[in-house]
1. Might you let me know whether region 61-69 holds any residue that is touching a strand residue (DSSP E or B) at 6+ places or on another chain (Cβ under 9 Å), at pLDDT 95 or above, assigned by TED's automatic domain parsing to the domain that holds residue 129 and surrounded by 13 or more Cβ atoms within 10 Å (Cβ to Cβ)?
2. Has region 210-224 got any residue that is surrounded by 18 or more Cβ atoms within 10 Å (Cβ to Cβ), modelled with pLDDT of 90 or more and part of a loop (DSSP other than H, G, I, E, B)?
3. Being closer than 30 Å to residue 199 by Cα and either modelled with pLDDT of 95 or more or crowded, with 24+ Cβ neighbours inside 10 Å (or both) narrows it down to one of 344, 384, so name that one.
4. Out of 243, 193, report the one residue that is over 23 Å from the mean Cα position of the chain (by Cα) and outside any loop (DSSP other than H, G, I, E, B).
5. Considering only residues of region 35-57 that are at pLDDT 90 or above and in contact with a helix residue (DSSP H, G or I) (Cβ under 8 Å, 6 or more places away or on another chain), which is farthest from residue 365 (Cα to Cα)?
6. Please go through (1) over 30 Å from residue 67 (Cβ atoms); (2) over 22 Å from the mean Cα position of the chain (by Cα); (3) at pLDDT 95 or above for residue 249 and return the number of the only condition it doesn't satisfy.
7. Look through 274, 260 and report the one residue that is in contact with a helix residue (DSSP H, G or I) (Cβ under 9 Å, 6 or more places away or on another chain), at pLDDT below 95 and either assigned to a loop (DSSP other than H, G, I, E, B) or surrounded by 14 or more Cβ atoms within 10 Å (Cβ to Cβ) (or both).
């Protein structure tokens with residue numbers, strides 16, 4: 001919460017931090033001994049008043065539409081697209097996912113749905129015949145499939161953020177795009193399944209950077225093959241999730257194709273970007289996946305000096321401004337696996353649950369695995385609220 005009433009004074013905080021540094025006492029231990037937490041700490045620059053904020057949209061408050069249209073989820077990850085399509089009235093019959101930890105999360109939250117992936121079977125879409133045989137055993141082999149395919153092929157080969165984790169002298173620093181041997185061709189594997197099963201509609205989602213990697217028109221050519229099968233394909237569009245109710249700047253590249261009598265369009269954006277103010281003023285009592293990192297006194301001493309939007313260059317973390325959308329939630333971790341942003345009101349990095357709220361996951365949705373892998377799942381996901389709004393538009397056309 002943003003209230004100053006539960007925070008210690010700056011003078012008391014400086015005294016505590018100095019003592020921890022001088023005596024080499026872990027800050028977490030010192031806070032616990034005094035009955036305090038990291039949320040008892042404050043920044044030097046702190047305001048409890050917010051600018052005028054537009055109303056926030058919370059998927060938890062959205063009424064689910066009864067499921068009626070079958071769907072198949074590719075590259076399901078932690079289930080961001082699955083959630084949005086389920087809320088919009090689609091029945092995700094099966095999810096296909098390569099990562100076993102992600103599969104565990106899907107099974108935890110969708111216990112009655114089928115997951116094609118480890119440890120039970122292979123979830124690698126590059127194995128066309130094996131995966132399609134498993135898929136046929138669930139949805140049948142009748143063409144066309146009377147439903148929807150949706151998926152976001154792994155975006156790391158096309159992502160600036162993913163590759164800037166490396167040194168500028170590393171060959172991994174620049175985006176490898178379609179030349180990435182492991183993930184660069186997965187988009188075309190996905191298109192192979194669309195051709196094989198010809199669903200009534202499909203969604204392809206990726207990072208905006210994919211446009212800059214398609215120098216030789218491979219994507220255009222592949223989509224042309226779908227047009228030849230009778231699909232009407234909307235021109236690719238790059239959208240910022242912040243204009244669709246997501247309290248986060250997140251640029252996504254979208255393609256929608258359909259074989260229906262009605263036209264399908266992209267959702268209409270708001271005329272404002274959603275700030276993260278209300279996200280950090282919601283109660284966290286009793287929620288899962290809310291374990292905060294135990295920072296050192298040295299780190300907190302640096303963090304507390306930051307203004308809203310400021311960056312700690314040593315830790316490469318940014319203090320969020322509650323009056324703006326959050327910076328993009330990234331696939332980080334707690335120890336060496338990346339980083340999350342700094343809380344706007346407490347000089348600490350935000351938790352998995354706080355990241356999940358910025359991504360618009362419902363609080364009831366649980367992430368499994370080690371904390372670092374939970375961050376990865378949240379950071380890789382499509383915001384469920386954005387997925388919901390796209391799914392609603394696809395449903396209108398069906």
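1. We begin by selecting, within region 61-69, every residue touching a strand residue (DSSP E or B) at 6+ places or on another chain (Cβ under 9 Å); these are 65, 67-69.
Cutting the leftovers down to at pLDDT 95 or above gives us 69.
Pick out the ones that are also assigned by TED's automatic domain parsing to the domain that holds residue 129 and you get 69.
Those left that are additionally surrounded by 13 or more Cβ atoms within 10 Å (Cβ to Cβ): 69.
Yes, there is a match, as at least one residue in region 61-69 is touching a strand residue (DSSP E or B) at 6+ places or on another chain (Cβ under 9 Å), at pLDDT 95 or above, assigned by TED's automatic domain parsing to the domain that holds residue 129 and surrounded by 13 or more Cβ atoms within 10 Å (Cβ to Cβ).
2. So far as region 210-224 goes, no, none of its residues is surrounded by 18 or more Cβ atoms within 10 Å (Cβ to Cβ), modelled with pLDDT of 90 or more and part of a loop (DSSP other than H, G, I, E, B).
3. Numbers: 344 fails: closer than 30 Å to residue 199 by Cα.
384 is the lone residue from the list that is closer than 30 Å to residue 199 by Cα and either modelled with pLDDT of 95 or more or crowded, with 24+ Cβ neighbours inside 10 Å (or both).
4. On the way: 243 fails: over 23 Å from the mean Cα position of the chain (by Cα).
Every option except 193 fails the conditions.
5. So, considering only residues that are at pLDDT 90 or above and in contact with a helix residue (DSSP H, G or I) (Cβ under 8 Å, 6 or more places away or on another chain), the one farthest from residue 365 (Cα to Cα) is 44.
6. Every listed condition holds for residue 249 apart from (2).
7. Details: 274 fails: at pLDDT below 95.
Matching residue, one of 274, 260: 260.
Here's the yes/no breakdown for (1) part of a loop (DSSP other than H, G, I, E, B); (2) touching a residue at least 40 places away in the same chain (Cβ under 8 Å):
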position: 230; (1), (2): yes, no
position: 239; (1), (2): no, yes
position: 290; (1), (2): yes, yes
position: 314; (1), (2): yes, no
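The values are calculated or read from the model by the stated rules, or taken from the named source; none is laboratory data. Source: prediction; values computed, not measured. All Cβ positions, even for glycine, are placed from backbone atoms using ideal geometry, and neighbour counts span all protein chains on display.
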